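Heads up, the thing below is written out as structure tokens.
The values are calculated or read from the model by the stated rules, or taken from the named source; none is laboratory data. On a predicted model such as this, the values are computed, not experimentally measured, just so you know. Glycine gets a Cβ as well: all are built from the backbone with ideal geometry, and neighbour counts include every protein chain shown.
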């Protein structure tokens, strides 16, 4: 199990009227060098997918450059990321459009509960959390866990955390009923357990905060445009390549 417990103890962050269920698959950490956040997130996801021979970051970068998806590691196209994932990790890659809300929300939560990784672009704040900068701080993260606030935990199949009352984990290997997802408008009841290439640690992000950040990626950063470097940006720009798009990755042969 991953160490999300310490994050859960922040006072005032989690509603006391709910019980909390944590689903979490272990993700490795890797610190990016240069603008490689998307490829680092893909590498983390690949380790979780048990990719053959644990594909190296160097190979991901090399193939992305050869295919014309990137100049120096940056990835401004979720569609290109999907194609790269399928080629290098021999996995299924499903691109969702329309953001993390609406009908996509339950599909994404079921995907995470199953233990499969979710890749998503968002705007990164100074503390790595999602913010809204119109795409000027576009960044990538990977999630393989979700914390869900529920009125009551389904029985059986779940056990209460020995250190944190009110926090429950699925019993490994036991059949369990998935918890009923809270209403989409319910604030602070769903958190994504995420990693990205600028920190070794997991972070818990409010689902709606991630949704809103992902939906407003429209512009290429003026600072990047003026830094003298070459970037590969798809036709239609950041908005066409990233805005409202998410990537669900599954092992090859997985039926859903």
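Points to keep in mind about this one:
- Members of region 220-255 found to be assigned to a loop (DSSP other than H, G, I, E, B), touching a residue at least 12 places away in the same chain (Cβ under 8 Å) and at negative phi, listed by number: 220, 221, 229, 230, 231, 232, 233, 234, 242, 243, 252, 254
- Strands (runs of 3 or more DSSP E) completely within region 83-151 that count 2 or more residues being more than 18 Å from residue 38 (Cβ to Cβ): 138-150
- Filtered residue count, region 5-21, keeping only those that are crowded, with 18+ Cβ neighbours inside 10 Å and either modelled with pLDDT under 80 or touching a helix residue (DSSP H, G or I) at 6+ places or on another chain (Cβ under 8 Å) (or both): 3
- Counted residues, region 32-68 - those being closer than 18 Å to residue 138 by Cα, surrounded by fewer than 22 Cβ atoms within 10 Å (Cβ to Cβ) and in contact with a helix residue (DSSP H, G or I) (Cβ under 8 Å, 6 or more places away or on another chain): 1
- Cβ-Cβ under 8 Å pairs, at least 6 apart or on other chains, region 140-153 side at positive phi, far side crowded, with 22+ Cβ neighbours inside 10 Å and in a strand (DSSP E or B): none
- Residue match in region 201-213 (condition: touching a strand residue (DSSP E or B) at 6+ places or on another chain (Cβ under 6 Å), over 24 Å from residue 137 (Cβ atoms) and assigned to a loop (DSSP other than H, G, I, E, B)): no
- Residue 146 being at pLDDT 90 or above, surrounded by 13 or more Cβ atoms within 10 Å (Cβ to Cβ) and in contact with a helix residue (DSSP H, G or I) (Cβ under 7 Å, 6 or more places away or on another chain): yes
- Candidates 114, 88: the one that is in contact with a helix residue (DSSP H, G or I) (Cβ under 6 Å, 6 or more places away or on another chain) and surrounded by fewer than 23 Cβ atoms within 10 Å (Cβ to Cβ) is 88.
- Residue within region 166-179 that is under 27 Å from residue 219 (Cβ atoms) and modelled with pLDDT of 90 or more present: no
- In region 44-55, the residues that are at pLDDT below 85 form Cβ pairs under 6 Å with partners that are not in a loop (DSSP other than H, G, I, E, B), at six or more places apart or across chains, as follows: 51/89.
- The one condition in (1) touching a residue at least 40 places away in the same chain (Cβ under 8 Å); (2) in contact with a helix residue (DSSP H, G or I) (Cβ under 6 Å, 6 or more places away or on another chain); (3) buried (at least 17 other Cβ atoms within 10 Å of the Cβ); (4) closer than 26 Å to residue 137 by Cβ that residue 82 fails to fulfil: (2)
- Among the residues of region 155-194, those that are touching a strand residue (DSSP E or B) at 6+ places or on another chain (Cβ under 8 Å), in a loop (DSSP other than H, G, I, E, B) and closer than 15 Å to residue 114 by Cα comprise 157, 171, 176, 179, 180, 181.
- Test for residue 40: is it closer than 20 Å to residue 231 by Cα, modelled with pLDDT of 95 or more and within 14 Å of the chain's Cα centre (by Cα): no
- Selection of region 125-139 for residues being surrounded by 21 or more Cβ atoms within 10 Å (Cβ to Cβ) and more than 22 Å from residue 85 (Cα to Cα) yields 130, 135.
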